[in-house]
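Participant: Provided herewith is a single structure, encoded as structure tokens, for subsequent inquiry.
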């Protein structure tokens, strides 16, 4: 189908179902949390007024994360959109304001990037002229090197970058503990789930400590997610 008139900006919502998410992120009793985060993110997207495409494990195509990501983005560009904003479902504090700022600032020579605290990105926005499939496919996805590679790419190609506020995403139990302890989301359901999961984690930590007292050292999380090493 031919597109007679180029479209403007679309959001690529790259998020598994909660069942599939838990296969990759080992969060204790995290099914309801990811389900709620997906629903919250969808509400955030809809408030922006931007068209969006939700890619779950059923729509994603490719063997690696890089392949699945680039195939999703390419499929949206092929529909005639000139700009794409990519996001996931694991950043509770992603806001409609972030999406609107990205949409308003992307140009052929300007990208918008929202960095996460683990070295990745919770948001990437770029123009179709910046999207080189092989480059993006072979980035060090899901590693702490991703930010360095992307910022270097922008510098080498004279692409300006609007950097959004750094946010924390959820990959492991520690992230749940930290976000739930330090921050408050705007969704009471998610706040309740964080509180419930933190209680579970505290019980797990207590049991873990009691079972490992004979070891030379163990690591637990306390004081809003800071690591503490105990020596016997």
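Participant: For the pair residue 158 and residue 100, how long in nm is the line joining their label points, each one 7 Å along Cα→Cβ?
Facilitator: Computed distance between label sites residue 158 and residue 100 equals 3.3 nm.
Participant: Determine the gain in length on full extension of the stretch residue 19-residue 82; use 0.36 nm per residue of separation and subtract their C-alpha separation, reporting nm with one decimal.
Facilitator: So the extension gain works out to 19.4 nm.
Participant: The stretch 113-162 to the stretch 54-70: how many Å between their Cα centroids?
Facilitator: 17 Å
Participant: According to a simple spin-label model (label point 7 Å from Cα along Cα-to-Cβ), what is the distance in nm between residue 132 and residue 151?
Facilitator: Simple spin-label model gives 2.0 nm for this pair.
Participant: How would 163, 168 line up from fewest to most surrounding beta-carbon atoms within 10 angstrom?
Facilitator: 163, 168
Participant: A further question on this structure: So for 16, 132, 127, fewest C-beta neighbours within 10 Å to most, what's the order?
Facilitator: Ascending Cβ contact count within 10 Å gives the list 132, 127, 16.
No value in this document is a laboratory result; all are computed from the given coordinates. Since this is a predicted model, take the numbers as computed values, not measurements. Here the Cβ is made from the backbone with ideal geometry for all residues, glycine too, and neighbour counts use every protein chain on show.
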